[in-house]
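Enquirer: Have a look at this one.
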Amino acid sequence: MFDIGWDEMLFTAIVAIVVIGPKDLPRALRTAGQWIGKIRRVSGHFRSGIETMIREAEMEDMEKKWREQNDRIMAQTPPGWNAAEANLVGPDPGIGTGAPPLMTELPAPAEPPAAAANPDAAAPELPLGSPKAG
């Protein structure tokens with residue numbers, strides 16, 4: 001971010017030890033950390049406020065665009081026109097889109113297999129006196 005190399009960091013540490021002193025250095029670093037934390041919180045709050053204002057402005061622009069488009073469509077629609085009476089609105093959402101129509105009746109069920117029709121035929125009989133599996 002600031003493009004500080006190792007040599008600048010080492011020089012800053014030596015100057016801080018000489019100027020502040022090794023005894024007060026931990027307290028100075030803690031204070032500097034608290035200030036940096038406050039600055040980050042304030043900048044984060046500021047950034048979120050700006051982003052909220054941008055979103056609200058975009059929403060206002062979209063609402064204005066939709067309102068203008070709706071007004072244009074309503075101006076083109078003849079008075080007294082009803083979509084349901086014109087048979088343009090129906091229960092099938094695929095009307096006019098090229099989608100296949102919805103099924104209104106269920107197809108007849110297929111013939112059941114022979115084994116399912118007779119449950120006794122599906123289970124083989126065991127002779128008397130033979131051990132049963134289980």
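Enquirer: So which residues in segment 5-43 are surrounded by 10 or more Cβ atoms within 10 Å (Cβ to Cβ) and outside any helix (DSSP H, G or I)?
Expert: Across segment 5-43, the qualifying residues are Gly21, Asp24.
Enquirer: Further, regarding this structure: So is Thr31 of a type in the set (S, T, N, Q) and modelled with pLDDT under 90 or not?
Expert: no
The values are calculated or read from the model by the stated rules, or taken from the named source; none is laboratory data. Since we're looking at a predicted model, the values are computed, not measured. Cβ sites come from the backbone with ideal geometry, for glycine too, and all protein chains shown count toward neighbours.
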